[in-house]
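The next block holds one structure in the form of structure tokens; read it before the comments.
The values are calculated or read from the model by the stated rules, or taken from the named source; none is laboratory data. Please read all numbers here as calculations on a predicted model, not as lab measurements. Cβ placement follows ideal geometry from the backbone for every residue including glycine, while neighbour counts extend to all protein chains displayed.
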There are 2 protein chains.
Amino acid sequence: MKTKECKIPEATIKRLSTYINCLERLQVENHPVISSELLGEYCQVSPAQIRKDLSYFGEFGVRGVGYDTKKLEAEIKEILGLNNNWPTCVVGVGKLGLALLNFALFRKHGFSITAAFDSDPAKVGTELSAGITIQPTTEIEQTVTGKKILIGIITTPADAAQKVAEQLVAGGIQGLLNFAPTKVKVPEEITLRNVSITSELDNLAYLMTQKRRRS
Amino acid sequence: MKTKECKIPEATIKRLSTYINCLERLQVENHPVISSELLGEYCQVSPAQIRKDLSYFGEFGVRGVGYDTKKLEAEIKEILGLNNNWPTCVVGVGKLGLALLNFALFRKHGFSITAAFDSDPAKVGTELSAGITIQPTTEIEQTVTGKKILIGIITTPADAAQKVAEQLVAGGIQGLLNFAPTKVKVPEEITLRNVSITSELDNLAYLMTQKRRRS
DNA sequence: CCATCAATGTGATAACTCTCACAGAGTTGT
DNA sequence: ACAACTCTGTGAGAGTTATCACATTGATGG
Ligand SMILES: NC(=O)c1ccc[n+]([C@@H]2O[C@H](COP(=O)([O-])OP(=O)(O)OC[C@H]3O[C@@H](n4cnc5c(N)ncnc54)[C@H](O)[C@@H]3O)[C@@H](O)[C@H]2O)c1
Ligand SMILES: NC(=O)c1ccc[n+]([C@@H]2O[C@H](COP(=O)([O-])OP(=O)(O)OC[C@H]3O[C@@H](n4cnc5c(N)ncnc54)[C@H](O)[C@@H]3O)[C@@H](O)[C@H]2O)c1
């Protein structure tokens, strides 16, 4: 795998992630090989876009034939770093945190959730399905350090997010995925992504409103 | 509110949604007025970007002063169409579906979830907190039509997503938010957004891998 | 072994999005 | 009433991302 340049569009990375899901399904459906044309139809991306996305990282297809689904999936996982094992923890075991804790696809992408934290005394001590016990937030720092956890998922209410982020950073976390509807601030060396599910719905409402106004 | 042109960047819409959350917090923290500079710091967007985003839709600030937080929030909600009431339903009341059903921020943005469906006979009939009872999927079409539901949220496993989408469309749905890791196909007149939480984590892994390789 | 064919990989180009710098509107103080 | 000042709104330009068209490559079959 060669990485020609450092300027890969963020949108490309997002698409690579969806290609994986398509490729997995294609294998189940007995397609050992697929063209960019057909893959594009599957995941609703133009064929040229797919080829361009892949060309940033190397040549993975066979001209005149297409891509080996199994091999391409492995290559993309390598590109994204999903062939590593990423020790991950969840802070805030509420409705959303519980959903994420039980989300099977995460494990398939290399993320293994090895700890869960909550501030609610009633929840602390609860053993979750995966053999993980909910720990108090006071143990965040030492557990993250001790278990060498690299990724932290924040699913606490908004007003707790900043403090939780700081505790995770103190423990030596390297990446944070924040679901709380507030932007947390962390040192520059920490990789941070804020996820806003609400904005997806808002966007839907906007598009629908546009259509309505136009007609 | 004037809409000068039709070509609003998607990124702008996404940011408008986050501005709302910031503006709400600013009001609670007793800031009746805010400059683009400070708002930018709050939601980690450059001041120029904020002004440009807003300028697509009109003039909302007072020169030399800034923006009225309360008024601006209302304006943005109007722009996004969040001042309407959006009757919404959830299909697939699993871990994620339940989290979304109980998510308070949705209601604040104008989305009122008025029905929930699941194919699991053990779940059908369960009364959820909001006074909503889980209905069988066979009732999707008639309920969507009867309750004039406009938005459908799909949180079923991937292999059920397409069929569910078709049932919702048959009932007259206008917008779909799909959380299943597969792209569903619907008629052009339906507004569709696919949400991929996995790709957010994948993206995080990619960024972290980049940093690691660089050093 | 060569001709034919299908689908990739990519440079050029078009489209889109963000950043910058500043003119000018409105406020505040004298 | 006027001057000094602050922060908005925006055109112009830089930078980024997607699309297009086609030359190129490797497979396939006679
Ligand atoms: N539920 C959703 O569908 C959804 C969607 C998008 C974003 N979010 C956001 O995700 C977060 C969690 O949502 P939820 O619906 O799961 O809420 P929830 O109330 O069900 O869960 C929050 C959990 O965080 C715990 N908590 C509170 N303070 C804490 C602290 N300081 N340290 C550790 N844990 C703490 C609570 O005990 C609770 O278990 C919220 O910020 C919400 O806005 C939720
Ligand atoms: N859990 C997460 O954190 C998460 C994150 C991102 C995406 N997703 C996706 O969201 C979807 C749901 O995830 P989950 O964790 O809630 O799974 P889940 O298994 O907890 O829930 C799925 C629910 O869908 C119901 N269902 C199955 N077939 C159905 C059908 N044909 N019609 C109606 N309902 C049906 C099931 O009975 C179940 O209640 C999956 O596609 C998953 O990939 C989940």
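The residues on offer are B:131, B:152, and the sole one that is within 26 Å of residue B:196 (Cα to Cα) and not charged (D, E, K, R) is B:152.
Taken over the range A:79-99, residues that are on the phi < 0 side of the Ramachandran plot and either without any contact (Cβ under 8 Å) to a residue 60 or more places away in the chain or at the interface with chain B (Cβ under 7 Å from one of its Cβ atoms) (or both) amount to 11.
Taking every residue in the range B:139-162 that is farther than 15 Å from residue B:118 by Cα and pairing it with any residue that is aliphatic (A, V, I, L, M) and buried (at least 23 other Cβ atoms within 10 Å of the Cβ), at least 6 positions away or on another chain, the pairs with Cβ-Cβ distances below 8 Å are B:149/B:173; B:150/B:173; B:151/A:201; B:151/A:204; B:151/A:205; B:151/B:173; B:151/B:176; B:151/B:177. Looking across the range B:183-192, the residues that are surrounded by fewer than 21 Cβ atoms within 10 Å (Cβ to Cβ) and either closer than 18 Å to residue B:145 by Cα or among the hydroxyl-bearing types (Ser, Thr, Tyr) (or both) come down to B:186, B:187, B:189, B:190.
Cβ-Cβ distances below 8 Å connect the following pairs, each with a first residue in the range A:59-71 that is assigned by TED's automatic domain parsing to the domain that holds residue A:28 and in contact (Cβ under 8 Å) with a residue 40 or more places away in the chain, a second residue that is away from ligand 2 (no atom under 16 Å from the Cβ) and assigned to a loop (DSSP other than H, G, I, E, B), and a separation of six or more residues or different chains: A:69/A:31; A:69/A:32; A:70/A:32. Screening the range B:1-110 for helices (runs of 4 or more DSSP H) wholly inside it with 2 or more residues that are within 16 Å of DNA strand C (Cβ to nearest atom) returns the ranges B:10-28, B:36-43, B:47-55, B:69-80.
Residue A:84 meets each of the listed conditions (1) under 21 Å from residue A:150 (Cβ atoms); (2) at pLDDT 95 or above apart from (2). Within the range B:149-170, being over 22 Å from residue B:98 (Cβ atoms) and touching a Ser or Thr at 6+ places or on another chain (Cβ under 9 Å) holds for B:162, B:170. Scan B:142, B:174, B:135 and give me the residue that is farther than 30 Å from residue A:28 by Cα and at the interface with another protein chain (Cβ under 10 Å from one of its Cβ atoms). Only one candidate qualifies: B:174.
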